[in-house]
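The values are calculated or read from the model by the stated rules, or taken from the named source; none is laboratory data. Note that the structure is a prediction, hence the values are computed from the model and not measured. Every residue, glycine among them, receives a Cβ derived from its backbone with ideal geometry; neighbour counts consider all protein chains shown. Note: accessible area is taken over every heavy atom of the protein model, side chains too, but ligands, DNA and RNA are not part of it. Shrake-Rupley method; radii C 1.70, N 1.55, O 1.52, S 1.80 Å.
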Amino acid sequence: MGNQVEKLTHLSYKEVPTADPTGVDRDDGPRIGVSYIFSNDDEDLEAQPPPQGLPESGGLPESGGDVPAVPPPLPYDPRQHEVECSVFYRDECIYQKSFAPGSAALSTYTPENLLNKCSPGDLLEFVSQAQYPHWAVYVGNFQVVHLHRLEVSNSFLTDASQGRRGRVVNDLYRYKPLSPGAVVRNALAHVGAKERELSWRNSESFAAWCRYGKREFKIGGELRIGKQPYRLQIQLSAQRSHILEFQSLEDLIMEKRRNDQIGRAAVLQELAMHLHPAEPDEGDSGLARTTLPPRRPPAPGSQEEDGEAVVH
């Protein structure tokens with residue numbers, strides 16, 4: 001009999017239960033047990049409300065009066081909206097998003113300008129405030145392959161972006177990449193796969209698997225035994241950070257993507273208001289740690305709650 005996946009609907013750190021009702025793990029001493037937070041990883045852009053003062057039809061106001069000028073949207077700034085973080089597997093750093101001074105790696109471009117910076121085999125990330133980041137593999141001829149709405153599709157880059165700004169993100173993960181030809185073949189080989197044929201939870205896991213070929217990006221690609229080997233280090237300030245621990249890379253990616261979707265300010269507010277970290281170890285000044293309880297692997301054939309992939 002396969003294990004059943006319990007549907008988790010916690011929307012903030014305040015609502016998640018501890019691993020033990022007393023908040024104490026009898027093997028590891030006091031800790032905060034934070035349950036995994038899964039939300040609908042729906043990457044479709046939602047319809048935006050019309051500007052204030054205009055009717056929903058988008059025409060002029062019926063009264064014919066003056067309409068207050070709507071200020072243009074501010075340019076997307078990763079430092080304002082995104083969470084600076086690193087991912088470790090045991091003691092090895094395997095991912096890093098840093099806003100270090102002088103770094104241009106996270107600069108974003110319009111889809112049209114991004115086309116001039118792409119080469120076949122590149123990983124692309126499309127970002128927008130309050131949206132899940134959407135990843136794709138550039139395969140040449142202005143086209144990308146990406147996992148979207150439970151299907152691997154081949155689309156024009158400008159269509160896949162849905163108007164969001166984008167960037168090349170080959171250097172976020174620190175794994176050794178496959179050759180550009182192998183990356184493109186991996187992506188094109190899965191075009192048309194959908195629902196139960198999928199082995200990835202979201203666009204990031206699919207695109208990263210195409211480039212690096214590591215099974216850790218697949219659903220159930222790792223055995224969930226022993227202590228949590230993965231650590232997500234969230235940078236709170238120049239001197240302070242907070243660590244979340246996970247048993248698998250796919251679970252860590254889900255939490256990282258959730259953080260990007262709700263935004264930096266909301267993540268920092270949740271951590272400040274609802275987490276009470278254990279005392280840091282000697283030499284870890286300014287470092288708080290949260291150990292997450294293991295999540296049972298999903299049953300074969302069950303649908304993942306994030307709404308983007310189904311267990312293969």
Breaking point among (1) of a type outside the set (Gly, Ala, Ser); (2) assigned to a loop (DSSP other than H, G, I, E, B); (3) modelled with pLDDT of 95 or more, for Asn186: (2)
Selection status of Leu157, open to solvent by 20 Å² or more (accessible area, probe 1.4 Å), aliphatic (A, V, I, L, M) and in contact with a strand residue (DSSP E or B) (Cβ under 6 Å, 6 or more places away or on another chain): no
Among residues of segment 173-218, those that are aliphatic (A, V, I, L, M) and surrounded by 19 or more Cβ atoms within 10 Å (Cβ to Cβ), counted: 6
Yes/no for Glu270 being outside any loop (DSSP other than H, G, I, E, B), open to solvent by 10 Å² or more (accessible area, probe 1.4 Å) and modelled with pLDDT under 95: yes
Selected residue (only one of Tyr95, Tyr132, Tyr138, Tyr89 is open to solvent by less than 10 Å² (accessible area, probe 1.4 Å) and among the aromatic types (Phe, Trp, Tyr)): Tyr95
